[in-house]
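**Student:** Below you will find the structure I want to go over with you.
The values are calculated or read from the model by the stated rules, or taken from the named source; none is laboratory data. Bear in mind the structure is a predicted one, so any value in this text is a computation, not a measurement. Note that we place each Cβ from the backbone using ideal geometry, even for glycine, and neighbour counts take in every protein chain shown.
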Amino acid sequence: MLSVGTKAPNFTLPDQNGNAVSLSDFRGQKVVLYFYSKDNTAGCTKQACGFGELYPQFREKGAQVIGISKDTVKAHHNFAEKYQLPFILLADPEHVALELYDVWKEKTMYGKKVMGTVRTTYLIDEEGTICKAFGKVKAADNPADMLAEL
């Protein structure tokens, strides 16, 4: 996980509609950047729907919400449509941002070592600096916790 005070690494990835989105596009706004494992899984769906429900309040506080996983553009598009998610989902099948943000890690699943995304959320300030970092977050609580941080 990256440290508080670190300049947030820039990246450019496709969103759920196939449009290129760079972190630097949001300079001047706060960004809640959250990394999750997979679309349509129980925890990730709870987390995404929580951010979706609270999205107007994030916008009122001048913050943009961006979710990133290794899923494809098509998977993100279907996920966003199914749950009417109003925020940006970025596809990172090559693990570019996942590795830049140090969230692609070895994990144990069913007794086997596998590589995967550690659920992590960063709050990035208007200047592009990480001002809060939360590792191994609880999916259901993460959206409300992040809103409280703002």
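**Student:** Within the range 126-150, count every residue that is acidic (Asp, Glu) and either surrounded by 15 or more Cβ atoms within 10 Å (Cβ to Cβ) or in contact with a strand residue (DSSP E or B) (Cβ under 8 Å, 6 or more places away or on another chain) (or both).
**Tutor:** Matching residues across the range 126-150 total 3.
**Student:** Among the residues of the range 102-125, how many are buried (at least 16 other Cβ atoms within 10 Å of the Cβ), of a type outside the set (A, V, I, L, M, F, W, C) and not in a loop (DSSP other than H, G, I, E, B)?
**Tutor:** Final tally of qualifying residues: 5.
**Student:** Follow-up. Kindly list the number of the only condition in (1) modelled with pLDDT under 95; (2) on the phi < 0 side of the Ramachandran plot that fails for residue 30.
**Tutor:** With respect to (1) modelled with pLDDT under 95; (2) on the phi < 0 side of the Ramachandran plot, residue 30 is out only on (1).
**Student:** Give the residue, chosen from 82, 138, 105, that is more than 13 Å from the chain's Cα centre (by Cα), under 16 Å from residue 50 (Cβ atoms) and touching a residue at least 12 places away in the same chain (Cβ under 8 Å).
**Tutor:** 82
**Student:** Could you grab me the full set of residues in the range 126-150 that are part of a loop (DSSP other than H, G, I, E, B) and of a type in the set (Lys, Arg)? Steps first, please.
**Tutor:** Taking the range 126-150 and keeping what is part of a loop (DSSP other than H, G, I, E, B), we get 126-128, 136-141, 150.
Scanning the range 126-150 gives 136, 138.
**Student:** With exposed (fewer than 15 other Cβ atoms within 10 Å of the Cβ), free of Cβ contacts under 8 Å to residues at least 60 places away in the same chain, assigned to a helix (DSSP H, G or I) and out of contact with any helix residue (DSSP H, G or I) (no Cβ under 7 Å at 6 or more places or on another chain) as the only criterion, which of 99, 94 stands out?
**Tutor:** 99
**Student:** Among the listed residues 103, 96, 65, 73, identify the single one that is touching an Asp or Glu at 6+ places or on another chain (Cβ under 9 Å) and either among the hydrophobic types (A, V, I, L, M, F, W, C) or farther than 16 Å from residue 145 by Cα (or both).
**Tutor:** 73
**Student:** So, in the range 43-61, of the ones that are small (Gly, Ala, Ser) and touching a residue at least 60 places away in the same chain (Cβ under 8 Å), which residue ends up nearest to residue 120 (Cα to Cα)?
**Tutor:** Across the range 43-61, the extreme among qualifying residues is 43.
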